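This report concerns only the one structure given below.
The values are calculated or read from the model by the stated rules, or taken from the named source; none is laboratory data. None of these values were measured; they are calculated from a predicted model. Here the Cβ positions follow ideal geometry from the backbone for every residue, glycine too, while neighbour counts run over all protein chains shown. Accessible surface areas use protein heavy atoms only, side chains included; no ligands, DNA or RNA. Shrake-Rupley method; radii C 1.70, N 1.55, O 1.52, S 1.80 Å.
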Amino acid sequence: MQNTTTLNFYSFNCRWVDYLKVFKCKICQEGYLGDAPPTHCPFCGAHQQYMIEARDFELPEYTLTDVSRRNLEEALDLEVSNAEFYFCATDMADNVADATMFKRLGKIESEHASTIVKELKKHSPDISKDRDMCSNMNLDNLEESNQRETNAIRHYTRFLGEATEDRIKEIFTAIIEIEKDHLSLTDGRF
């Protein structure tokens, strides 16, 4: 059991944790501070099994095949397009819950793009938050979100099957899981 101390500091009750751990996501490589790993990476959405203590983090060295390079380039295009769609849908949402969901999805898809460019050793692409690429009807955007996530899952499943590098397999496996989580947000809503 973890030791905690409760203090009353200027009328605020504070819970002090005796120690924080530093975690790192194996997928997006972002850090997280906490007494336990989060259930999902707060940046890319990877499931908890990809959140490891930073001291144990090490990226494997590998050579990217031409097939995986091509698939990562295609995945990058999908992630950029999906991020731009979600940022547009944020502005068109007719309720705060969907606006919040679309904004978070846009940020997660942007992080996926960032993850992919790290593997491609490229500069991050410009992701516009002002592109007019969604409907002005929230219901239509929910349906398109579902279609986009389904399309991404289909493509990434194929890319996973074609990958020979363990690192690329890990990335596509994690992103497929994340996209399935996204798909669940819109199932049955349109």
| Can you work out D for region 36-91 in µm² s⁻¹ from Stokes-Einstein, where Rh is the Kirkwood radius over C-alpha pairs, the temperature is 4 °C and the viscosity is 1.567 mPa s? | 91
| request: State the extension gain, in nm to one decimal, for the chain segment bounded by D94 and Q49, taking 0.36 nm per residue of separation less the distance between their alpha-carbons. | output: 12.7 nm
| note | About its Cα centre, the chain carries a charge dipole, from +1 on Lys and Arg Cβ atoms and -1 on Asp and Glu Cβ atoms, whose size in debye to the nearest 20 is 460
| task | Just name one of A152, L139, L76: the one whose Cα is farthest towards the positive end of the charge dipole of region 58-171 (beta-carbon charges, Lys/Arg +1, Asp/Glu -1). | result | L76
| request: Determine the order of D181, D66 by accessible area, beginning with the largest, at a probe radius of 1.4 Å. | output: D66, D181
| request: Express in whole angstrom the spacing between the alpha-carbon centres of region 27-91 and region 110-166. | output: 11
| remark: Sorted by chain and number, the residues with a modelled amide H under 5 Å from that of I27, at a separation of 5 or more or across chains, are none
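How large is the direction-averaged shadow of the alpha-carbon convex hull of the chain, in nm²?
The directionally averaged projection comes out at 13.9 nm².
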| Using the Kyte-Doolittle scale, which helices in the chain average at least -0.5 and also have C-alpha atoms spread 18 Å or more along the helix axis, with helices defined as whole DSSP H runs? | 66-92, 96-120, 166-186
| How many times 2.2 N^0.38 Å is the alpha carbon radius of gyration of region 102-190? | 1.17
| said: Given the -39500 (n - 2.57) contribution per DSSP H run of 4+ residues, what per-residue ellipticity at 222 nm results for the chain, rounded to the nearest 500 deg cm²/dmol? | reply: -18000 deg cm²/dmol
| query | GNM on the chain, C-alpha springs below 10 Å: top fluctuator among K129, K169, K121? | reply | K121
| P(r), alpha carbons of region 48-124 - 5 Å bins starting at zero, rounded % | 3, 15, 18, 17, 17, 14, 9, 5, 2, 0
